[in-house]
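Engineer: Quick one: the structure is below, questions incoming.
Please treat every number below as a calculation from the coordinates, not as lab data. Because the structure is a prediction, the values reported are computed rather than measured. No Cβ is skipped: glycine too gets one built from the backbone with ideal geometry, and neighbour counts run over all protein chains shown.
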Amino acid sequence: MKTVHLCMVVFVIGFMGCGKSFWARRWGQAYRMPVHDMDEIIETEEGATCMEIFENRGEQYFREKETRLLRQLGTMAGDRIISCGGGTPVYKDNMQWMNEHGLTVFLSATPEQLLQNLLQDKAIHRPLIKNVQPNELLFHIHKKLNERLPVYRQAKLIFNAPEITVEDFENCLSHA
Ligand code: S3P
């Protein structure tokens, strides 16, 4: 177990299915840092899944809530890892805000890798792809990822998602 001495906020960002929640948790356990999963917090606070929030309140409501939560979590005292939603950085000036308030880490993956993870995972429960036919999913991921890449790539650190290790977090610490 390693101890962190610097005060730092790490924002883990990337497309859905890239492993944000997984790596935030693993890194948090290994480096004894509290982890906040934004989707999980929103779902608990709303008593509804992201899918239900999108359906019942609309995407705009979700994005506003997400943006408020980001600012709350990002300005709390102490070290922390924040696992963002896939769309968090692309809404308003959230990416710039994160870069001003902590270390942004983009977990990069190809559309094919993302598709594989989403199919294994819970693709059905993700609102932005729930109405996409399986044979169109790869195209959809490709398109959406390309739209978002210019923002994701503003991250201070970029990791190749399939090759990430627990020790990669040392890299984050050295950038704190
Ligand atoms: C979204 C990704 C989801 C969730 C919401 C919107 C997006 O998070 O925040 O469904 O816009 O890409 P994950 O990336 O954790 O699936």
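Engineer: Using the Cα gyration tensor of segment 18-119, with a ≥ b ≥ c the square roots of its eigenvalues, what is the shape: rounded (a/c below 1.5), prolate (a/b larger than b/c) or oblate (neither)?
Structural biologist: On the way: a/c = 1.42, a/b = 1.09, b/c = 1.29.
Rounded.
Engineer: Could you please state, rounded to a whole Å, how far the C-alpha centre of segment 113-170 is from the C-alpha centre of segment 62-97?
Structural biologist: So the separation of the two Cα centres works out to 18 Å.
Engineer: May I ask you to derive the relative contact order of segment 9-168, considering only C-alpha pairs under 8 Å and at least 6 residues apart, and to give it as an integer percent? Each step should come with its number before you reach the end.
Structural biologist: Values: 213 pairs, mean separation 57.5, N = 160.
The value is 36 percent.
Engineer: Let me ask you something else. If you bin every alpha carbon distance in segment 78-176 into 10 Å steps from zero, what whole percent lands in each bin?
Structural biologist: Using 10 Å bins, I get a P(r) of 13, 43, 33, 10, 1 for segment 78-176.
Engineer: Can you tell me which aspartates and glutamates have their Cα less than 16 Å from the Cα of Lys65? Leave out same-chain residues fewer than eight positions away.
Structural biologist: Asp37, Asp39, Glu40, Glu43, Glu45, Glu46, Glu52, Glu55, Asp93
Engineer: A follow-up question, please. Can you figure out the FRET efficiency of Thr49 with Glu100, using R₀ = 30 Å and their beta-carbon distance, to the nearest 0.05?
Structural biologist: For Thr49 and Glu100, the calculated efficiency is 0.45.
Engineer: Roughly how tilted is helix 111-120, in degrees to the nearest 10 and between 0 and 90, from the longest Cα axis of the chain?
Structural biologist: Approximately 80 degrees, to the nearest ten.
Engineer: Now for a different question. Of the listed peptides 138-145, 86-93, 74-81, what is their order by residue-averaged count of other C-beta atoms within 10 Å, with the highest listed first?
Structural biologist: Top to bottom by mean Cβ count within 10 Å: 86-93, 138-145, 74-81.
Engineer: With just the Cα atoms of the chain, tell me how far they stretch along each of the three principal axes, in Å, largest first.
Structural biologist: Its Cα atoms span 47, 33, 27 Å along the three principal axes.
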